[in-house]
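These notes are about the structure you will find just below.
The values are calculated or read from the model by the stated rules, or taken from the named source; none is laboratory data. Because the structure is a prediction, the values reported are computed rather than measured. So basically every Cβ, Gly included, is an ideal-geometry build from the backbone, and we count neighbours across all protein chains shown. Each accessible area value is taken on the protein alone, full model and side chains, heavy atoms only, with ligands, DNA and RNA left out. Shrake-Rupley method; radii C 1.70, N 1.55, O 1.52, S 1.80 Å.
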Amino acid sequence: MSPQVFYRKWRPQRLDEVIGQESVIRTLKQAILTNRVAHAYLLAGPRGTGKTSTARILSKAINCLGSDNAEPCNGCHICQSVNDGRSVDLIEIDAASNRGIDDIRNLSDKVRFTPSEARFKVYIIDEVHMLTSPAFNALLKTLEEPPEHAIFILATTEVHKIPLTIISRCQRFDFRRIPQDLMQNKLLELCESEGVNVSDQALALIARRSSGSLRDAENLLEQAIVSYNGTITDDNIRDMTGLQDDQTAILLITHVINNDMAQALTKLNNLSADGADLAELHRSMIEYLRCLLLIKTGAGGVEGYSEQTITDIKNVASSTSLSRLINT
């Protein structure tokens, strides 16, 4: 059997292991402790922020035979069957491939059957925004009058596509992008468990590039581990992803701010000729412009960069005006 990829191997198994979603986890745990679990939940937010993992953990916690402080024990046969993917009382549906009215009618017909061994039968509908309008109408009827033993957990990355009639019948929880410091700490913990040497600068770069998605960060980290032996550095990550060094993007921003278009275009032309990823370069420049605006307005500091990069950004900020940055 081939080894599991990181995002599956290190998937959270307890609510406390879900990072960056403290308010969501606190509310769910309190609902379990006070026996006020809702019949339908809507988990909305960007990809890789823990929606599906939270749904699975919640399905374990409400049915766990040895639950302690609203957390699943992961030792009883109910928890183990969910962890192994063989629970008959946890039904996971991918709405991207089961999006028609017949699929939802089939679900509605089966939802009346009582659970086989658990207290509740839990239905997780992932990417629920992919359902057709007739399918949403069929689901609405089930959400309006669900049997007492059924709990629905809907997950989506595009909540604006879900009808308000569906949203109004669910308890909605919005998942946020995972902060860079929390993601970097999680990646460091993963590396220590795997016995892998990765520099702090490399982890910071992975966290920055993942845009708040832990799954993307874990995939990028695993790709780097497979690609390079020994200690993985930030240069390895830049080489693998096509990123330029920080000074290149900052230099281009400086040329633009100073209206030195000839120098900027010459630099871009040379980078293009060398095979640089211009889309990634543009993304880096946007990040640094954001940092410049934060520094210039006093709205925040610069985190997740090397000391040299922070010094360079501050030097650029001190040499230009706020109006020029805004116009840039």
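Pop the C-beta distance of Thr114 and Leu65 into the FRET formula with R0 = 25 Å and round what comes out to the nearest 0.05. E between Thr114 and Leu65, to the nearest 0.05, is 0.90. Expressed as a rounded percentage, what relative contact order does the stretch 209-313 have, with Cα pairs under 8 Å and six or more residues apart? About 23 percent, as a whole number. Find the relative contact order for the chain and round it to a whole percent, using C-alpha pairs within less than 8 Å whose residues are 6+ positions apart. It rounds to 17 percent for the chain.
Ordering Met130, Met285 by accessible surface, largest first, gives Met130, Met285; the 1.4 Å probe counts only protein heavy atoms, with every chain in place. Using a cutoff of 8 angstrom between alpha carbon atoms and counting only pairs six or more residues apart, the relative contact order for the stretch 28-139 works out to 25 percent. Nonpolar atom fraction for the stretch 193-328, defined as the carbon and sulfur part of the 1.4 Å probe accessible area, stands at 47 percent.
Averaged per residue, the chain has 51 square angstrom of accessible surface, using a 1.4 angstrom probe with ligands and nucleic acids left out. The angle between the Cα long axis of helix 278-297 and the main principal axis of the chain comes to about 80°, on a 0 to 90 degree scale. Relative to the dominant Cα principal axis of the chain, helix 200-209 is inclined by about 70°. Between the amide H of Ala40 and those of Phe152, Gln171, distances stay under 5 Å, these residues lying 5 or more places away or on another chain, with hydrogens modeled in the peptide plane. Label reach from Thr27 (point 7 Å along Cα→C-beta): in the stretch 168-209, amide nitrogens under 15 Å belong to 168-177.
For the pair the stretch 1-68 and the stretch 137-157, the centres of their Cα atoms are 18 angstrom apart. Summing charges over all other residues whose Cβ lies under 15 Å from the Cβ of Asp274, with Lys and Arg as +1 and Asp and Glu as -1, gives -2. Partners of Lys9 within straight-line reach, counting aspartates and glutamates whose Cα lies under 13 Å from its Cα and excluding those fewer than 8 residues away in the same chain: Asp84, Glu194, Glu218, Glu222.
Helix 307-318 axis versus longest C-alpha principal axis of the chain: approximately 70°, rounded to the nearest ten. How many nm is it between the label spots at Asp245 and Asn35, if each spot is 7 Å from the Cα in line with the beta carbon? Rounded to a tenth, the inter-label distance reads 6.5 nm.
Rounded to the nearest 0.05, the FRET efficiency derived from the C-beta distance between Asp84 and Gln171 at R0 = 25 Å is 0.30. Pairs with C-alpha atoms separated by more than 30 Å, drawn from the list Lys29/Lys161; Lys60/Lys186; Lys161/Lys296; Lys51/Lys296; Lys161/Lys186; Lys29/Lys296, are Lys161/Lys296; Lys51/Lys296; Lys161/Lys186; Lys29/Lys296. Taking 0.36 nm per residue of separation and subtracting the Cα-Cα distance, full extension of the segment from His282 to Lys9 would add 94.9 nm.
Counting only Cβ charges, +1 for Lys and Arg and -1 for Asp and Glu, the dipole size of the stretch 47-130 around its Cα centre is about 120 debye.
The spacing between the stretch 178-236 and the stretch 244-264, judged by their C-alpha centroids, is 28 Å.
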